[in-house]
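Handing you this structure, nothing more for now.
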Amino acid sequence: MDHNRIRIRRRHSDLKLGFCFLLLIFFLSVVESSIHEYNNEPFTPQLNSFFFHGGSEGLYASKFLADTDRGTTLDDSQKQQEQRPPINGKSFVRFESVTFRRTKEATEKQNAMQQKTGLVEAILFEVKDRDRIGGSFVGSDALCCTPELAKDGNCKVGEVIIHRQENGEWPKRIQTFFEGQEEEAKMTPLSVEVDSTGMYYLYFMYCDPQLKGTVINGRTVWRNPEGYLPGKMGPLMTFYGFMSLAYLVLGLLWFLQFVRFWKDILQLHYYITIVIALGMCEMAFWYFEYANFNSTGARPMGITMWAVTFSAVKKTVSRLLLLVVSMGFGVVKPTLGGITSKVLLLGLVYFLASEALELVENLGNINDFSGKAKLFLVLPVALLDACFILWIFSSLSKTLEKLQMRRSMAKLELYRKFTNSLAVSVLLSVAWIGYELYFNATDPLSELWRRAWIIPAFWSVLAYLLLLVICVLWAPSQNPTRYAYSEETGDDLEEEGISLTGSVDVAVKTERKEHVFGIGGEDLEEDKRE
């Protein structure tokens, strides 16, 4: 008895590992989308079954339930109703034009007079119910029913094993049969309404080895109560709306200062203005892209391309701005000199790498990129970010050293504040990367999908705050000499008397110091000689 119990436990654990592996294989390669397209997609063998991952999304429960969408087929009137704009408040998964095509060899082996000659099943389930698929509850490591299990009445031979609770409707099983020697089997148009909030997975599976080589075509449409936007991405639309307003407010305040002191504007101010404008456009494009996606279920290529491009350009220009400010451009030296070409080259390479990564993440199709393929696009961006950080802090160190040697106290105080802000942002970034790794490691099946939107939102907020710091420190004013480059050494002495707030008292004290150690000092020497 003990040996049998140990064997059953081992089989149970093996089945869990196998099914979790089945979920994990395709989780890394899935791109969020409300419409999942299938174009001659093959099935993958797993244990004693063949499966195809049809999609996975976080779905909220319907705000009200309708009998027409609880897994029933659609008649003509219902089909017409489904073609109209969907009713708000409903959450469902809809199967549209899904067909299965088997090989000619498999077709020729069948009897033309036989009605059912092959079965493909669509299994829709919430991720927390993944242990209900397979024979783990009877101590078997099989996903498909075997004759031994069928004898006990636990399942039917040729079907996927599903263990439901009493009067339970989930996991959902939708069956499609091949008939006679037909090569194609069409799935009946169907909508399955979601009545419980969770992360849902869809698998198309078959158990008959003779169907090996079968491919799937068609699509499924996934919808949340508020629209087609996937559950993970829903809060981001609201977030981008708020960020658009935040950039708009920052832009208005900066513009007022820009106009007020337009006679004292430096070249650096134009670069800051460009970054603010790019950030405003980036957030606005992402908001409209998400809003369009939410209402139509499809990502408009034009708006998405603009959003991706503005995002890549803004990231690149922001990093270049941090770099040139750290080098003391316009403060310690008037130009970048011979390293201008190196700075532009680094910016160009970063833009290309960032653009490629953004395109793959936002325009890719399901299962078109594996985790390894994405890694080759993520690594270059990460390495270039590291290069920017090292170069920025190296340049800051040299700039602070030069300002200290020249005793330019106002500029030194300015750069110390900038250095501290940048150091805090880097520490926060490192801590957040650690949290991301922990989040992804502890939630491989995206069960915490309702909190996942915070991950990308953090980076947008951090970039905004860092830009806000630069705007405050380098704001246009009546005293641009506090951060403007000056060729004459005498200007450095005058700088010491100009504080970051333009205090008049400090300026008066500086004038007194200049009198004591300057002309006044020479008069004292002449009196002693006399």
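The values are calculated or read from the model by the stated rules, or taken from the named source; none is laboratory data. Just so it is clear, the model here is predicted, and its values are computed rather than measured. Every residue, glycine as well, gets a Cβ built from its backbone with ideal geometry; the counts of neighbours run over all protein chains shown. For accessibility, only protein heavy atoms count, side chains too; no ligands or nucleic acids. Shrake-Rupley method; radii C 1.70, N 1.55, O 1.52, S 1.80 Å.
Apply the Karplus parameterisation 6.51 cos²θ - 1.76 cosθ + 1.60, with θ equal to phi minus 60°, to every residue of the range 204-210 and state each ³J(HN,Hα) to the nearest whole Hz, in sequence, with x for glycine and proline.
9, 9, 9, 10, 7, x, 5
Positive end of the charge dipole of the range 211-267 (Lys, Arg +1 and Asp, Glu -1 on Cβ, about the Cα centre): tell me which of Pro235, Gly213, Trp262 has its Cα farthest that way.
Gly213
Something else: Quick one: compute a quarter of the convex hull surface over the Cα atoms of the range 385-470 and quote it in nm². Each step should come with its number before you reach the end.
Values: hull surface 25.4 nm².
Projected over every direction and averaged, the Cα hull of the range 385-470 covers 6.4 nm².
With θ set to phi - 60°, apply the Karplus curve 6.51 cos²θ - 1.76 cosθ + 1.60 along the range 270-280 and write out the HN-Hα couplings as whole Hz, x wherever there is a Gly or Pro.
Result, rounded to whole Hz: 5, 5, 5, 4, 4, 5, 4, 5, 5, x, 4.
How large is the accessible surface of Asp129 in square angstrom, using a 1.4 angstrom probe and rounding to the nearest 10?
Spelled out: Asp129, probe radius 1.4 Å, area about 30 Å².
Quick one: pull the percent of accessible area on the range 379-482 belonging to carbon and sulfur, 1.4 Å probe, ligands and nucleic acids left out. Spell out each step's value before the answer.
Working: 3810 of 5620 Å².
With neighbouring chains kept in place, the figure for the range 379-482 is 68 percent.
Next question, about the same structure. Quick check: at a probe of 1.4 Å, how many percent of the accessible area of the range 264-316 sits on carbon and sulfur atoms?
On the way: 1580 of 2160 Å².
C and S atoms contribute 73 percent here.
Shape of the range 206-259 from its Cα gyration tensor (a ≥ b ≥ c, root eigenvalues): rounded if a/c is under 1.5, otherwise prolate when a/b > b/c, or oblate? Spell out each step's value before the answer.
Numbers: a/c = 6.47, a/b = 3.91, b/c = 1.65.
Prolate, since a/c reaches 1.5 and a/b exceeds b/c.
Sorted by average packing, counted as other Cβ atoms within 10 angstrom per residue and highest first, what order do 345-356, 310-321 take?
Numbers: 345-356: 17.2, 310-321: 20.7.
Output ranking for 345-356, 310-321: 310-321, 345-356.
Using only protein heavy atoms and a 1.4 Å probe, report how much of Glu358 is accessible, in Å² to the nearest 10.
20 Å²
Then there is this: Using each residue's phi in the range 283-300, evaluate 6.51 cos²θ - 1.76 cosθ + 1.60 at θ = phi - 60° and report the 3J(HN,Hα) Karplus result to the nearest Hz, with x for Gly and Pro.
Per residue, the Karplus-derived 3J(HN,Hα) values read 5, 5, 5, 5, 5, 5, 5, 5, 5, 5, 4, 5, 8, 10, x, 10, 8, x Hz.
For the range 372-482, what relative contact order do you get, as a whole percent, if you take Cα pairs closer than 8 Å and at least 6 residues apart? Mind showing how you got there, number by number?
Working: 21 pairs, mean separation 33.2, N = 111.
It rounds to 30 percent for the range 372-482.
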